[in-house]
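Visitor: One structure coming up, written as structure tokens, with questions to follow.
What follows is calculated from the coordinates using simple rules that are stated; it is not laboratory data. Just so it is clear, the model here is predicted, and its values are computed rather than measured. Cβ: placed from backbone, ideal geometry, glycine included. Neighbour counts: every protein chain shown.
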Amino acid sequence: MGRIFNFSAGPAILPEPVLAQASDAVREFAGSGMSLLEMSHRDKRYDAIHEQVRAGVVETLGLSTNDYDCLFMGGGASTQFSLVPMNLLTPGHSGAYVDGGEWGAKAIETARFHGDVDVIGSSKADNHSRLPVIGDVPSRAAYVHLTTNNTIEGTQMSNVPSMSVPLVGDLSSDIFGRVREHANFDLMYAGAQKNAGPAGVTLVVIRKSLLAQCSTLAPMFSYKVQADKHSVYNTPPVFPIYVVGLVLDWIAAEGGMAAVAARNERKAALIYNAIDHAAPVFSAAVPDAADRSLMNITFRLASKELETEFLAEAKANDMDGLPGHRNVGGCRASIYNAFPEAGCKALADLISDFAVRKG
Ligand SMILES: *Cc1c(COP(=O)(O)O)cnc(C)c1O
């Protein structure tokens, strides 16, 4: 079967050259006579790649390895919901959180297991259909936490504020996908499976000066220990890290993050334009264009029946993964970095055509 247009929200589409190189490495890695799946994580040949990817993650974000360290951790972005307060939240202080969507709300719910939380902005009253306004940071705050792209609801921050306390960002669904002032962050984390690679590794990019302020914890939970050990305190997820490296090479070959981000703008515009011209059959779930995500485009149809019919037509035309998140319904087109422009055009055309037939 040929490749379909895969709009899955995650695990998600990967670039075809990355899949080809990853397949090769499964069979035999770098003339070693063995698969990368069989190779020791202490092998020099793997270690060279490990260090290259650690630096590459930082540099692809437009940052310097003099200032930032990259850690490879397990447990998904959801484990970072605990590790951030465990490492940064000291007694007498609070974590200040921005509630921009379900993932931000989960980060808040998790942080409450570890200490005090202040919510300094929420769009819950609008069902998270817009970005929250970020309020004042309380003096007791040890850090501010925000989500750059709200995967489920389809909103995304273009600019990130500069803060008086360490700024922590969950970049799980838009890392390497949008140019912004990443240097405003002191800590960024992302599960790889949306925009950076396969499931199984979480990227944590931390400002080196923040490491000194982290709490002393059991080794596997400690950013300090993980950084000291270059993320080989224990066996790292070797294969997912290798594939993240292939994705970084692909981004470089595409012209770097800025070129990929510019294409993301064009891709998203194709689909949003189609939706906005297809009223009343279609409507965008995020009304304010400035808040709309380039990565996850959420929209609804005028009735449940039309939605079912539309999704069936999309599927018949090799467009898969379009049903919205189970908690919010509707439709969602996830068009991460590796998603081709031709697929965005195909979806935009189907939306326009469907609206004419049903309008
Ligand atoms: C998917 C997602 C998560 C959860 O990631 P896991 O790796 O499954 O734990 C957290 N935050 C955001 C913004 C996400 O999109």
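Visitor: Could you list all residues from segment 156-182 that are outside any loop (DSSP other than H, G, I, E, B), more than 11 Å from the ligand (Cβ to nearest atom) and more than 15 Å from M257 (Cβ to Cβ)?
Guide: The answer is L167, V168.
Visitor: What pairs come up if the first residue lies in segment 92-106 and is over 10 Å from K124 (Cβ atoms) and touching a residue at least 12 places away in the same chain (Cβ under 8 Å), the second is among the charged types (D, E, K, R) and buried (at least 24 other Cβ atoms within 10 Å of the Cβ), and their beta carbons are under 7 Å apart, counting only those six or more places apart or on different chains?
Guide: W103/D170
Visitor: Contact list please: Cβ distance under 7 Å, first residue in segment 68-91 and within 20 Å of R140 (Cα to Cα) and of a type outside the set (D, E, K, R), second residue part of a helix (DSSP H, G or I) and within 11 Å of the ligand (Cβ to nearest atom), pairs at least six apart or on different chains.
Guide: From residues that are within 20 Å of R140 (Cα to Cα) and of a type outside the set (D, E, K, R), the pairs are F81/K106; F81/A107; F81/T110; S82/T110.
Visitor: Looking only at segment 68-112, filter to residues that are among the aromatic types (F, W, Y) and closer than 23 Å to V328 by Cα; which one of those is nearest to the ligand (Cβ to nearest atom)?
Guide: By that ranking, first place goes to W103.
Each row is one residue, and each column tells you yes or no for (1) within 24 Å of G191 (Cα to Cα); (2) part of a helix (DSSP H, G or I); (3) without any contact (Cβ under 8 Å) to a residue 12 or more places away in the chain.
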| site | (1), (2), (3) |
| --- | --- |
| F299 | no, no, no |
| F310 | no, yes, no |
| A314 | no, yes, no |
| H325 | yes, no, no |
| R332 | yes, no, no |
| Y336 | yes, no, no |
| K345 | no, yes, no |
| D353 | no, yes, yes |
| V356 | no, yes, yes |
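Visitor: Out of all the residues in segment 62-102, which are buried (at least 22 other Cβ atoms within 10 Å of the Cβ), among the aliphatic types (A, V, I, L, M) and outside any strand (DSSP E or B)?
Guide: Hits for segment 62-102 are A77, L83, V84, L88.
Visitor: Just for segment 1-18: of the residues that are surrounded by 15 or more Cβ atoms within 10 Å (Cβ to Cβ) and of a type outside the set (G, A, S), which one is nearest to the ligand (Cβ to nearest atom)?
Guide: P11
Visitor: Taking into account only those residues within segment 255-312 that are within 23 Å of the chain's Cα centre (by Cα) and among the hydroxyl-bearing types (S, T, Y), which is surrounded by the fewest Cβ atoms within 10 Å (Cβ to Cβ)?
Guide: Taking the candidates together, the pick is Y272.
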